[in-house]
Amino acid sequence: MILSFKYTASSPLTSSAAFSCRKHLLPPSIQNVQQSTALPSLSSQKPIYIIPCTQNITLSTKPRRKVIECHAYEADKSQTQAAGTSEAAQKLKIGLYFATWWALNVVFNIYNKKVLNAFPYPWLTSTLSLAAGSLIMFISWATRLAHPPKVNMDFWKALFPVAVAHTIGHVAATVSMSKVAVSFTHIIKSGEPAFSVLVSRFLLGESFPIPVYLSLVPIIGGCALAAVTELNFNMIGFMGAMISNLAFVFRNIFSKKGMKGMSVSGMNYYACLSILSLLILTPFAIVVEGPKMWAVGWQTALSQIGPNFVWWVVAQSVFYHLYNQVSYMSLDQISPLTFSIGNTMKRISVIVSSILIFHTPIHPSNALGAAIAILGTFFYSQAKQ
């Protein structure tokens, strides 16, 4: 429907107004409406859009007299339905991202712990994870399953400090899981927001609202309670998780500062990060552990586990890359707040599933500390926004 409304005002001080309405292209359902009717009956199921027509504004030669003309039209019902369908499709896509991200992360943590129990060499395990991801992306680029990124030397220079921090955080987390339960590592890693605020405040001079600082109280308190009551506490495992938190905070800081203006998709960004991290980690892994230790450990694992051990190594390597790739891809689709909430829920799924699968003994106070820390992480994500 197209309507034309004309408002005529003789003086700004008068209280009376006259309206006239012209019909254009009226549908059959309202063609019989008399001209004396104040306004034609409009559909209650469609919104009306009022468009001011500035080009039709005319001023008469008489003083204090102006004519303002506006047009109104009803939105097409198909447009409203299309908008609703598009919004529903976007929500479904985000839900699939989250479900895939959580599922892949749970599977990775399970196979990673199985490998580390039989083959306690976290430096090689971390290297294989990065190598598998790099190989997957090289094949994807070569076969055109994914478009290779167009990057230059400035990109790699900006990515280098990010890759260093990512490498340290990855290795430290793997060392932690080789010494303690998966659930304990992730409980301590839920304290990453506390490191983020402290580093940003004291090293970068950033300030935060009071609710952000208050949200750190349950995070720090919950992690402390979980550490004190952990039945199988190990200092190396605890320090590995703490170092991983600190390293990933610096990774995020370097990424925000150095990667501004770099137009690379989330998938290709993580692929380049994995390749550069692999180049950084490989020589250190050889020095710290070395091929001789790996050969002895590999033979021992094969004799105890059998051929399934090879599948475990392949699975943990592939699933590590896939879950990280999906998480970086999801950043292209959702807000940082939604991502933070999803990351919190991911930790809950990993902690619960690892306790059930590995029959990890847990003290009630330990469970309480974990719940408090994770709840504090949720409050932090809310207060940060």
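For this structure, a couple of remarks:
- For region 361-378, the candidate set comprises residues that are in contact with a helix residue (DSSP H, G or I) (Cβ under 7 Å, 6 or more places away or on another chain) and not aliphatic (A, V, I, L, M); within that set, the residue that is nearest to residue 223 (Cα to Cα) is 369.
- Of the residues 295, 301, the single one that is modelled with pLDDT of 95 or more and out of contact with any helix residue (DSSP H, G or I) (no Cβ under 8 Å at 6 or more places or on another chain) is 295.
- Meets criteria (in a loop (DSSP other than H, G, I, E, B), open to solvent by less than 50 Å² (accessible area, probe 1.4 Å) and at pLDDT 80 or above) for residue 131: no
- Within region 163-181, tally of residues that are open to solvent by 30 Å² or more (accessible area, probe 1.4 Å) and outside any helix (DSSP H, G or I): 0
- Among the helices (runs of 4 or more DSSP H) confined to region 201-295, there are none with at least 1 residues that are in contact with a strand residue (DSSP E or B) (Cβ under 7 Å, 6 or more places away or on another chain).
- Once region 301-312 is narrowed to residues that are surrounded by 13 or more Cβ atoms within 10 Å (Cβ to Cβ) and under 12 Å from residue 117 (Cα atoms), the residue that is nearest to the chain's Cα centre (by Cα) is 312.
- Selected residue (only one of 365, 381, 354, 349 is assigned to a helix (DSSP H, G or I), touching a residue at least 40 places away in the same chain (Cβ under 8 Å) and under 17 Å from residue 197 (Cα atoms)): 381
- Residues of region 307-357 that are modelled with pLDDT under 95, under 19 Å from residue 185 (Cβ atoms) and polar (S, T, N, Q): 324, 327, 343, 344, 349, 353, 354.
A quick yes/no check of all residues on (1) under 22 Å from the mean Cα position of the chain (by Cα); (2) of a type outside the set (Phe, Trp, Tyr):
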| position | (1), (2) |
| --- | --- |
| 123 | no, no |
| 126 | no, yes |
| 135 | no, yes |
| 157 | no, yes |
| 166 | yes, yes |
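- Filtered residue count, region 207-227, keeping only those that are open to solvent by 80 Å² or more (accessible area, probe 1.4 Å) and modelled with pLDDT under 90: 1
- Listed by first and then second residue, the pairs with beta-carbon distance under 7 Å, at least 6 apart or on different chains, first residue in region 92-106 and on the phi > 0 side of the Ramachandran plot and surrounded by 16 or more Cβ atoms within 10 Å (Cβ to Cβ), second at pLDDT below 85 and part of a helix (DSSP H, G or I), form an empty list.
- For residue 184, the criteria (1) more than 21 Å from residue 346 (Cβ to Cβ); (2) buried (at least 21 other Cβ atoms within 10 Å of the Cβ); (3) of a type outside the set (Val, Ile, Thr) hold in every case but one, which is (1).
The values are calculated or read from the model by the stated rules, or taken from the named source; none is laboratory data. Source: prediction; values computed, not measured. Positions of Cβ are generated from backbone atoms using ideal geometry, with glycine treated the same way; all protein chains shown enter the neighbour counts. These area figures cover heavy atoms from the full protein model, side chains too; ligands, DNA and RNA do not enter into them. Shrake-Rupley method; radii C 1.70, N 1.55, O 1.52, S 1.80 Å.
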